[in-house]
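Laboratory data are not the source of any read-out in this text; all were calculated from the coordinates shown. What you see is a predicted model, and the numbers here were worked out from it, not measured in a lab. Because the Cβ atoms are built from the backbone with ideal geometry, glycine has one as well, and the counts that use them run over all protein chains shown.
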Amino acid sequence: MEKIKLTEKEVEYLNDFVMLLYFMILLILCEITLKQANNI
């Protein structure tokens, strides 16, 4: 299998996308946790 070569700009874009995705998942998890805490 060939390794996929990415340009530096593409790598930066990919990193930004992953960070954004990670941040959004954390936000959603926090929201779910807060809703559960309020239900108790």
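Quick look at the values:
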item	result
GLU12 vs. criteria in a helix (DSSP H, G or I) and out of contact with any strand residue (DSSP E or B) (no Cβ under 6 Å at 6 or more places or on another chain)	yes
Residues of segment 1-38 satisfying the condition of being polar (S, T, N, Q) and surrounded by 10 or more Cβ atoms within 10 Å (Cβ to Cβ)	ASN15, THR33
Residue check, LYS5 in a loop (DSSP other than H, G, I, E, B) and of a type in the set (D, E, K, R)	yes
